[in-house]
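In what follows, a structure is listed as structure tokens, so that the remarks can point back to it.
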Amino acid sequence: MKQVLTIVVKLQPSPEQVAKLEATLQAFADACNYVNTHTDPKLTNKIAIQSLTYQTIKSEFNLVANMAVRACARVAANRKVAKQKGKPVKGFVPSSIDCDKDLFRFREQDSTVNLATIHGRERIKLKVGNYQRGKLKGRNPTSAQLCKHRDGQFYLHIQIKDDAPDPKDTSKVLGIDLGRRDIAVTSEGEKWDGTGIGAITDKFSRVRASLQKKAPKGTRTTRRRCREILKRLSGREKRYQQWLNHNISKSVVKRAVELSASIAIEDLTGIRDRTNQQPRNKTQRRRSNSWAFYQLRMFIEYKALGAGIRVTPIPPAYTSQICHNCLHIHPVKGKSYRSGKTFRCGHCGWHGDADFNGANNIALVGLSINQPGGTGLSCKLNRTPRYVQLNLFDDFRATENPDLCDSRSG
């Protein structure tokens, strides 16, 4: 299996090179817009699109051959994504261009890159840090993306491909429960508090609201100063969340390697669509929609892939209603066995952190997936209920309130 790591390095072009890069990005965006408007919107095959528009965009927008090919491929890829989402393709802006081995060449000895533009090739100096230098050492990358970020600077996103080790079979599973109060809780009891990121997001929200309120008013100096501060604050909250998720994912994968265990993580796909339909105030909606749980999952998956650790997403249904100690299910509406952060089992009496209980249930489901031959998990019925058998822990949906699960064996 191939693992792709993207290394972001900053370009240091001269003013003349900046003009050439901007002209190239503009020509590439114009070519993509031309292809998108002059071909059938339902056409998503890049070869078919290329056969219809290649010669035209190459000559009209002064693109080299590979740029014209990449423009057709980008339109095809965007149409496929838009089709999945049920939306039309939006217009293309001059912010990035895809580069293959013929459009860019990295040279390690002097940390420079040779880029193709519509005005010829340019050799540009890279601002490379120790991390980037270590990752690029001895490598000959063949794909990258030239991007102009919101700060107006040019960056090169270089893709490095490695052979990832095959995941190892193991009898141990580390369960991960995700949440807003505690960002992540493991089945071992390790947790990362989410109050810090909550306080920071609330602070940035208040500052933005205050500056946006002052920006249209006051003197010219006041308006300019507000815009400058908003620009400086832009992306700071996102970068902090990214830094925090990187650290959490690094700790989780490191612990899984130490235990020689696979990882089972709560799959919260679609949770925003479900929660946004519920009546909530503006603050709660903002806090929920700024929760970067999917980014944390992606970080864990790509770090685990490089370490040879299998990651299994687990549906969250009923994981908060099951006691991990006795496997008793509490599905009765109107009678809660969870009070705030505490879960209390009405069957065996176990009580403790609700997220820790959920993480252990996620680990048990992950273990059953990784060991389909049997894990020793079972339920004993004290009396015969009417039930529908579904799946392991979502397995019994009772129409009354019997004592469903008594032990792990029997």
Residue that is farthest from D267 (Cα to Cα), among those in the range 178-200 that are buried (at least 17 other Cβ atoms within 10 Å of the Cβ) and β-branched (V, I, T): I197
Output for the range 56-69, where each listed residue is touching a residue at least 40 places away in the same chain (Cβ under 8 Å) and farther than 16 Å from A23 by Cβ: N66
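Out of the residues in the range 234-260 that are hydrophobic (A, V, I, L, M, F, W, C) and in contact with a Lys or Arg (Cβ under 7 Å, 6 or more places away or on another chain), state the one that is surrounded by the most Cβ atoms within 10 Å (Cβ to Cβ).
Per the stated criteria, the residue is V253.
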Selection within the range 258-282 - closer than 26 Å to P315 by Cβ, assigned to a helix (DSSP H, G or I) and free of Cβ contacts under 8 Å to residues at least 60 places away in the same chain: I271, R272, D273, R274, T275
Members of the range 160-211 found to be among the polar types (S, T, N, Q) and assigned to a strand (DSSP E or B), listed by number: T186
Condition met for K231 (in a helix (DSSP H, G or I) and within 30 Å of F104 (Cβ to Cβ)): yes
Residue in the range 248-269 that is farther than 22 Å from A359 by Cβ and at pLDDT below 85 present: no
Condition check for F299: within 26 Å of L244 (Cβ to Cβ), touching a Ser or Thr at 6+ places or on another chain (Cβ under 9 Å), buried (at least 17 other Cβ atoms within 10 Å of the Cβ) and in the same structural domain as K254 (by TED's automatic domain parsing): yes
Pairs, first at pLDDT below 85 and surrounded by 14 or more Cβ atoms within 10 Å (Cβ to Cβ) in the range 157-177, second of a type in the set (S, T, Y) and not in a loop (DSSP other than H, G, I, E, B), C-beta under 8 Å, six or more apart: P167/S262; T170/S262
Those residues of the range 194-240 which are β-branched (V, I, T) and either within 15 Å of R286 (Cα to Cα) or under 27 Å from the mean Cα position of the chain (by Cα) (or both), in sequence order: T195, I197, I200, T201, V207
Helices (runs of 4 or more DSSP H) enclosed by the range 40-146 - at least 3 residues per element that are in the same structural domain as L156 (by TED's automatic domain parsing) and charged (D, E, K, R): 46-60, 65-85
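The values are calculated or read from the model by the stated rules, or taken from the named source; none is laboratory data. Everything numeric here is computed off the predicted structure, so don't read it as measured data. Reconstructed Cβ throughout: ideal geometry from the backbone, glycine too, with neighbour counts over all protein chains shown.
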